[in-house]
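Have a look at the structure below before the remarks.
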Amino acid sequence: MIDSMTPTTAADLTARSRSDLREAEAILEGIERSGATDRERVLEPYDRAWLLAATVSAECGLLREVHPDAAVRAAGEELGVEVTRFLTRLQHSRALYEALGRVEAHDAGEARLVDVVRREMRVAGVELDEAARERVRALREELTLLGQEFLRNIRDDVRAIEIAPARLAGMPEDFVRQHAPGPGGNVRVTTDYPDYIPFMAYADDGEARRELHRRFLTRAVPRNLEVLGTIVRRKHELALLLGFRSFADLQTEQAIAGSAAGVRSFLKEVSAIARERGRREHAQLLEWKRHRIDPRATTIGEWEFQYLQEKVKAEEVGFDARAARPYFEYGSVRQAILDLNSELFGLEFSRSPDALWHSSVETFDVAVDGAPAGRISLDMHPRPAKYKHAANFGYKPGAAGKQETHSVLVCNFPDPATSRGPALMEHREVVTYFHEFGHLVHSLMRGRVPWARLGRPVEFDFIEAPSQFLEQWIFDHDVLRRFARHVGTGEPISEQMVERLRTARDFGRGVQTQRAVFLSMASLEFHDRDPADLDTTRVWRELAKEWSPVEIDPETRFEASWTHMPGYAASYYTYSLSRAIAESLSSGMTAGLLDTRQTRRYRDLVLAQGGLKPALDLVHEFLGRPHDLGAFRSWLA
Ligand SMILES: [Zn+2]
């Protein structure tokens, strides 16, 4: 078993990570020296070396985004480069590659492991000459550093507007209470999510909204424009070295989409499916704007999309999202999400007293059907220098008998400890919470396959499907009435309000899908052309003309704070492809959402398989038929 002690200082983290990397290096050298070709002396040691390195990578990747101590964050960044160096070395080992090629696999899992690893090594350049492999190594290290800097520049750049209290008109009462005027008489609204998201949805003052939106989308400008340009150029060089036409082709080689051309044709199909619904919704939003704001309006700005959407929902659908906030107090939501996952997937959570990197972080030991299955931690509230978005981070990847999974949710929800009055959430934040929790459950389940290296789906573009599939539970009255009680009256949420939540969710789906296609096209185009004279801002604006359903603000630089760039890169389309798969999965829930026979079957056939089989084969087994776009079409009808 690998030691599971938590590092508390930069020195601890560095010492322990380096010792793990040295051990991994010694294991690799052992395989290279021995010339062995039996599973015990090749597959097992390979998987252990990979697990050691993957653990260092996960731990450092997490801590540099959340640790309050700048020295630990810096150590996490430095170690990130060292682990990249080792992982490249592991992929470039000719001796390992040949040994794997000669191993006689004893079962389907072993055969799959050999197959996946050899293919990955080929794509990573194991067959190149030494000079080319050296350049690949150098590029990957540089890309690690650039990616770190890109994310650091975003997380360190919180901007704000200072406005007269009267300009909070339209904001929910609890928001106004949280934002008392400062000494100068003005109220400060920041670009952190608990401020930004409600402000964009509700503030009646269009100028203030546009200004906050502009600050939000100029975070990390100008530096990150330069960093992103360099990232894209280095990725392109890497792709050419490895025999690909573009980085988009390289990145999608093992994905469901298969190539940049596969991505593009999928996106065009999505765009065609969403077109009619998007057009209808856009017309409704524009009509509201013409009646209430500007009779001559011909477009909708991205800074007003959320606001108009809320208004149309409030008036046409009879739904005001602010009215739902009192039902979603952070503490009760947190408990409800634990309880619901226990029921659906046979999990038990017991609170652990261990203090991790911050006093607000809660940790739970998890059992699946009564057997220990790892841990989760919840780091849920904003603080300085912390990751700004919502995501599930691996902390320790798992594998049966080797290491228990430890997975972490990092979010930015309202904080009961600092809130004046109850910390109320938007319903959409509750959906995000459950979505991210879906990643947690997936990582716990897939962290129990026998091979650490197969503990995640090989296809990157499948990764959002299980979480998107889970979102629908948070729109089910039978689920919500158990915990969504009004903070003032204790009254459970009514069937009628849940019905409205659903209608409100469905309104805007066409335009949102069109926007996702636009972002996906941008993510693809940044990485699918010769970047010698690439101007990301120009490409963004050109693509917006063809694909964006809303007008973009020319003063903004979306891509500079686009946290998906270093990791997702060309693969933003993952959200749309995973959504299509999630809708297929939903069509398999024929006996209602609380039928635990079906949810456990899904758990075992899909989640618990990790990367043991191709992702679409797992979906096929669960559904009893292959995935197609039928359910996705109905979803957008
Ligand atoms: Zn997700």
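Taken together, the values in this text are just the output of simple stated rules run on the coordinates, not laboratory data. All values derive from a computational prediction rather than experimental measurement. For neighbour counting, all protein chains shown are included, and Cβ atoms are generated from backbone atoms with ideal geometry for every residue, glycine included.
Report, in whole Å, the centroid distance computed from the Cα atoms of region 304-370 and region 39-100.
33
Taking K and R as +1 and D and E as -1, what net charge do the other residues with C-beta under 15 Å from the C-beta of Ala321 add up to? Spell out each step's value before the answer.
Values: positive: Lys311, Lys313, Arg322, Arg325, Arg428, Arg500, Arg502, Arg505; negative: Glu173, Asp174, Asp204, Glu310, Glu315, Glu316, Asp320, Glu426, Glu429, Glu499, Asp506.
Surrounding charge for Ala321 is -3.
For Lys388, give me every one of the lysines with a C-alpha distance below 26 angstrom, ignoring sequence neighbours fewer than eight places off in its own chain.
Lys235, Lys396
Which ³J(HN,Hα) values in Hz, rounded to whole numbers, follow from the phi angles of region 427-432 under the Karplus curve 6.51 cos²θ - 1.76 cosθ + 1.60, where θ = phi - 60° and Gly and Pro get x?
Karplus values, whole Hz, x for Gly and Pro: 4, 5, 6, 5, 4, 4.
Report the relative contact order of the chain, percent, no decimals, based on alpha-carbon pairs under 8 angstrom and at least 6 residues apart. Kindly include the intermediate steps, with their values, before the conclusion.
Values: 1050 pairs, mean separation 103.3, N = 637.
Taking the mean separation of contacting Cα pairs over the length of the chain, I get 16 percent.
Which three extents, in angstrom, do the Cα atoms of region 326-488 have along their principal axes, listed largest first?
50, 36, 32
If R0 is 51 Å, what FRET efficiency do you get for Glu32 and Ala355 from their C-beta distance, rounded to 0.05?
Working: r = 41 Å, r/R0 = 0.81.
Efficiency computed from Cβ-Cβ geometry: 0.80.
Taking Cα atoms of region 594-634, Rg/Rh with Kirkwood Rh, to two decimals?
Values: Rg = 11.1 Å, Rh = 11.0 Å.
My calculation puts Rg/Rh at 1.01.
Taking the Cα centre of the chain as origin, work out the dipole magnitude from +1 charges on Lys and Arg Cβ and -1 charges on Asp and Glu Cβ, in debye rounded to 20. Each step should come with its number before you reach the end.
Working: 86 positive and 97 negative charges, 142 e Å.
Computed charge dipole of the chain: roughly 680 debye.
What does the charge count near Arg351 come to, summing +1 for each Lys or Arg and -1 for each Asp or Glu among other residues with Cβ under 13 Å from its Cβ?
Neighbour charge sum, excluding Arg351 itself: -2.
Quick one: Karplus J couplings for region 568-574, per residue in order, coefficients 6.51, -1.76, 1.60, θ = phi - 60°, nearest Hz, x for Gly and Pro?
With the stated coefficients, region 568-574 comes to 5, 6, 7, 9, 4, 4, 3 Hz.
What whole number of Å gives the distance from the Cα centroid of region 538-552 to the Cα centroid of region 117-170?
Measuring centre to centre over Cα atoms gives 24 Å.
How high is the relative contact order of region 158-216, given as a whole-number percent (alpha carbon pairs under 8 Å, six or more residues apart)?
Working: 76 pairs, mean separation 27.2, N = 59.
So the answer I get is 46 percent.
Would you mind pulling out the separation of the Cα centroids of region 476-499 and region 208-279, in Å?
40
How big is D, in µm² s⁻¹, for region 158-216 by Stokes-Einstein at 20 °C and 1.002 mPa s if Rh is the Kirkwood radius over C-alpha pairs?
Numbers: Rh = 11.1 Å.
Diffusion coefficient, whole number: 193 µm²/s.
Work out, in µm²/s and without decimals, the Stokes-Einstein translational diffusion coefficient of the chain at 37 °C, 0.692 mPa s, Rh from Kirkwood over C-alpha pairs.
Numbers: Rh = 25.7 Å.
In µm²/s, the coefficient is 128.
Can you show me the helix-derived [θ] at 222 nm for the chain, built from DSSP H runs with n ≥ 4 at -39,500 (n - 2.57) apiece and divided by the number of residues, rounded to the nearest 500.
About -18000 deg cm²/dmol.
Counting only Cα, what are the radius of gyration and maximum Cα-Cα distance Dmax of region 1-121, in Å?
Rg and Dmax of region 1-121, Cα atoms, are 15.8, 48 Å.
Please report the relative contact order for region 340-473, taking Cα pairs under 8 Å with a sequence separation of at least 6, and give it as a percent rounded to a whole number. Walk me through the intermediate numbers first.
Working: 237 pairs, mean separation 25.5, N = 134.
Once normalised by length, the contact order is 19 percent.
Per residue, what volume in Å³ does the convex hull of the Cα atoms of region 215-343 enclose?
On the way: hull volume 31.8 nm³, N = 129.
So the per-residue hull volume is 246 Å³.
Loop sites only, by DSSP: take the trypsin sites (Lys or Arg not before Pro) in the chain that have at most 11 other C-beta atoms within 10 Å and name the longest stretch containing none of them. List each step's numbers first, then the result.
Working: sites that count: Arg296, Arg420.
Segment 1-295 is the longest.
Residues in region 253-293 near a label at Glu211, defined as backbone nitrogen under 14 Å from the 7 Å Cα→Cβ point?
Counting only backbone N, you get no residues.
Using the C-alpha gyration tensor of region 531-637, what are the square roots of 5 times its eigenvalues, in whole angstrom, with the largest one first?
Numbers: eigenvalues 273, 57, 30 Å².
Values for region 531-637, descending: 37, 17, 12 Å.
Quick one: what are the phi-derived ³J(HN,Hα) couplings along region 493-498, Karplus 6.51/-1.76/1.60 with θ = phi - 60°, whole Hz, x for glycine and proline?
For region 493-498, the Karplus curve yields 4, 8, 4, 5, 5, 5 Hz.
Compute the FRET efficiency between Ala132 and Ala111 as 1/(1 + (r/R0)^6), taking r as their Cβ-Cβ distance and R0 = 35 Å, and round to the nearest 0.05. All intermediate terms of the calculation are to be shown ahead of the outcome.
On the way: r = 30 Å, r/R0 = 0.84.
The formula returns an efficiency of 0.75 here.
Apply 1/(1 + (r/R0)^6) to the Cβ-Cβ distance of Asp12 and Asp294, taking R0 = 60 Å, and write down the FRET efficiency to the nearest 0.05.
Working: r = 59 Å, r/R0 = 0.98.
With R0 = 60 Å, the Cβ-Cβ based efficiency is 0.55.
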